[in-house]
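The values are calculated or read from the model by the stated rules, or taken from the named source; none is laboratory data. This structure is a prediction, so every number in the text was calculated from the model and none was measured. Neighbour counts are summed over all protein chains in view; Cβ atoms, including those assigned to glycine, are modelled from backbone coordinates with ideal geometry. All accessible areas refer to the heavy atoms of the entire protein, side chains included, with ligands and DNA or RNA removed. Shrake-Rupley method; radii C 1.70, N 1.55, O 1.52, S 1.80 Å.
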Amino acid sequence: RERALLWGVLLVTLGSFAFSEYAWRSISAAQSFYFLPSRAWELGAGALCALWRPSRLPMALRQGLGLAGLAAILLSVGALSRAMPFPSAWALLPVGGSVAVILFATQGTLAARLLSLRVVVAVGLVSYSAYLWHHPVFVFARLALDAVPGPTLMLGLSLLSLALAALSWRFVEQPFRARSGRAPWLPRRAQVFGASLAGIAAFGAFGLWGYLTEGRADLWLRSA
């Protein structure tokens, strides 16, 4: 059964990757970016990491593969640009690097020691909150300036995103998880799903209200 699951996920992952290559060429790169079938292979890569564990490899090989994974992730930050279609085969650079780190940057490797540095761990803890914060921070800054912010301002906005992420990690994420001597706010799975469903419904209703009112067009038409 586990082998069937592994092969099933592998086939879906390969099919999604093939579709992503087709989609950006024949449909639209922008639509492909937001289309689940063309992005599912990235999720599938993570699922394969959970389902497949490579046999014991020599330390030298693990060292090399782990460092190569880190290098691929760092390279993708500087090498990928708007001129490249995404998602496409270019996405193999960050995704493949992440897979290499997960599978081969095991305890004792240099890559694992680098990722265990306190500052890296701190960034990792707030990374998801930063992912959620950075986009609205950047968007509202562009709206306020009516221009693309310069590098110095972008650096400041990035630091602001990290600061907001640290606050939401401390006062939003942590209260929902078990801490020393305290029970989490939502200890049961049914409660988590119920709260998630309520949140999705609230955001959906808010989005629908914004769509039907054209973003409260009456407000900005009065001030125009």
Read through the list (1) at positive phi; (2) in contact with a Pro (Cβ under 9 Å, 6 or more places away or on another chain), then give the number of the only condition that residue 39 fails. (1)
Out of segment 72-81, which residues are exposed (fewer than 14 other Cβ atoms within 10 Å of the Cβ) and closer than 17 Å to residue 110 by Cβ? 74
Residue match in segment 90-101 (condition: more than 24 Å from residue 56 (Cα to Cα) and touching a Phe, Trp or Tyr at 6+ places or on another chain (Cβ under 8 Å)): no
Taking only segment 34-65 into account, find how many residues are aromatic (Phe, Trp, Tyr) and more than 24 Å from residue 85 (Cα to Cα). 1
When the residues of segment 174-196 are narrowed to those that are within 22 Å of residue 130 (Cβ to Cβ) and at pLDDT below 85, which ends up most open to solvent (accessible area, probe 1.4 Å)? 177
Report the residue count in segment 121-144 for those that are free of Cβ contacts under 8 Å to residues at least 40 places away in the same chain, open to solvent by less than 90 Å² (accessible area, probe 1.4 Å) and not aromatic (Phe, Trp, Tyr). 12
